[in-house]
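What follows is calculated from the coordinates using simple rules that are stated; it is not laboratory data. All figures in this text were calculated on a predicted structure; none of them were measured in a lab. Positions of Cβ are backbone-derived with ideal geometry, glycine not excepted, and every protein chain shown enters the neighbour counts.
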Amino acid sequence: MTLAMSEPEPPQKSWWRSNQQRATPWLFLAPGMFMFGLYVIYPIIASFRLSFFKYDGLGTKVWLGLANYQELFSDPAFKTSLYNNVLWLILYLLAVPLGLGIAIFLNQTVRGIRIYKSLFFFPFVISQVVVGLIFSWFYAPNFGLLYSVIEFFTGKGVAILADPVLATYGIIAAGLWPQIAYCMILYLTGLNNVAPDQIEAARLDGAKGLKMLWYVILPQLRPATFIAVVVTVIGALRSFDLVSIMTKGGPFGSTRVLSYYMYEQALSEYGYRMGYGAAIAVVLFAIMMVFISGFIWKMVRDERGNR
């Protein structure tokens with residue numbers, strides 16, 4: 001009579017061993033997600049909530065409901081700021097085609113091209129504060145270079161930053177200088193990854209000039225174009241530092257943008273209206289989300305179409 005030997009049961013795996021492969025990525029992401037939630041998501045939610053209150057930063061919060069938003073759309077300073085942001089957005093997008101043109105010019109193998117690349121790259125590494133100071137001196141009456149040139153040719157100089165009509169355009173021009181350099185860097189990187197076999201095939205088919213650019217090169221630069229447009233749009237909608245350095249919203253409030261007007265209302269000695277400033281921030285956030293969501297939707301659609 002033989003005794004049936006029972007096989008030993010396999011040891012039970014712990015939860016960690018069973019789920020290690022799925023849990024490990026989340027463990028690596030956890031610190032970043034925590035910081036993102038603490039310093040990005042929570043302030044956004046707090047700003048939305050604060051926009052419904054009257055609050056000076058020290059006293060008791062008073063519930064106002066939608067009163068801050070109702071005041072916004074009857075506030076002439078807010079309308080000026082919103083108009084200037086739209087103007088910034090339209091003109092700032094010139095950085096994308098200008099950056100592409102400079103990148104194509106610099107994408108050559110000729111003697112001394114590295115020096116030219118360094119000169120065009122230089123504005124990107126300068127702080128926005130320094131850019132604002134440089135252009136303030138450039139536009140300055142009596143001794144500024146632009147003022148002196150205009151005075152030499154016309155007999156009368158133009159104080160750009162003291163003119164309510166021209167001041168905003170002068171600040172946008174200052175912002176375009178480093179932004180064009182940034183777009184140029186993105187496109188130079190993209191041009192280095194353009195497939196040479198497609199270029200040669202297009203040349204054999206007789207494509208050259210604008211046709212080569214439009215049908216062969218630009219489709220391969222879509223990732224660079226996407227990043228350039230998104231960053232340029234965000235930069236145009238923020239645009240706080242140059243306004244603060246060059247004009248402080250003047251003359252007569254004509255150069256205010258939403259981010260600077262938010263600062264004036266919430267944090268400067270003229271305001272301390274935290275709730276009203278938060279309402280301006282919510283409007284600015286909503287405008288940004290419209291553009292960024294559109295770009296992300298297009299990117300996801302293009303990625304799905306390429307599969």
Exercise. Over the chain, what relative contact order in percent results from Cα pairs under 8 Å that are six or more residues apart?
Worked result: 26 percent
Exercise. How do 213-223, 272-282, 163-173 rank on mean C-beta neighbours within 10 Å, highest first?
Worked result: 272-282, 163-173, 213-223
Problem set entry | Karplus-derived HN-Hα couplings along segment 231-239 (A = 6.51, B = -1.76, C = 1.60, θ = phi - 60°), whole Hz, x at Gly and Pro | 5, 5, 5, 4, x, 5, 7, 7, 6
For this session: Given the peptides 100-107, 124-131, 29-36, arrange them by the average over their residues of other C-beta atoms within 10 Å, most packed first.
Result: 100-107, 124-131, 29-36
Exercise. Considering amide H positions built from the backbone, and no H for Pro or chain starts, which residues 5 or more places from Phe53, or on another chain, come under 5 Å of its amide H?
Worked result: Leu64
Exercise. Pick the calculated mean projected area of the Cα convex hull in nm² for this structure from (i) 31.8; (ii) 22.7; (iii) 16.4?
Worked result: (i)
Exercise. Once a ≥ b ≥ c are taken as the square roots of the eigenvalues of the Cα gyration tensor of segment 18-115, is the result rounded (a/c under 1.5), prolate (a/b larger than b/c) or oblate (a/b not larger than b/c)?
Worked result: oblate
Problem set entry | Ranked by how many other beta carbons lie within 10 Å on average, peptides 145-154, 51-60, 182-191 from highest | 182-191, 51-60, 145-154
Exercise. Mind listing the phi-derived Karplus ³J(HN,Hα) values for segment 61-66, rounded to whole Hz, using 6.51, -1.76 and 1.60 with θ = phi - 60°, and x for any glycine or proline?
Worked result: 6, 10, 5, 10, x, 8
Problem set entry | Net lengthening on full extension, Phe138/Ile199 (0.36 nm per residue, minus Cα-Cα) | 17.7 nm
Exercise. Residue separation times 0.36 nm, minus the C-alpha to C-alpha distance between Gln20 and Ile234: what's the value?
Worked result: 73.2 nm
Exercise. Mind listing the phi-derived Karplus ³J(HN,Hα) values for segment 267-278, rounded to whole Hz, using 6.51, -1.76 and 1.60 with θ = phi - 60°, and x for any glycine or proline?
Worked result: 10, 7, 5, 8, x, 6, 9, 4, x, 5, x, 5
For this session: Kindly identify segment 150-274 as rounded, prolate or oblate by the Cα gyration tensor criterion: order the square roots of the eigenvalues as a ≥ b ≥ c, call it rounded if a/c is under 1.5, otherwise compare a/b with b/c, prolate if a/b is larger, else oblate.
Result: oblate
Problem set entry | Val40 versus Val165: modelled label distance in nm, points set 7 Å from Cα along the beta carbon direction | 4.3 nm
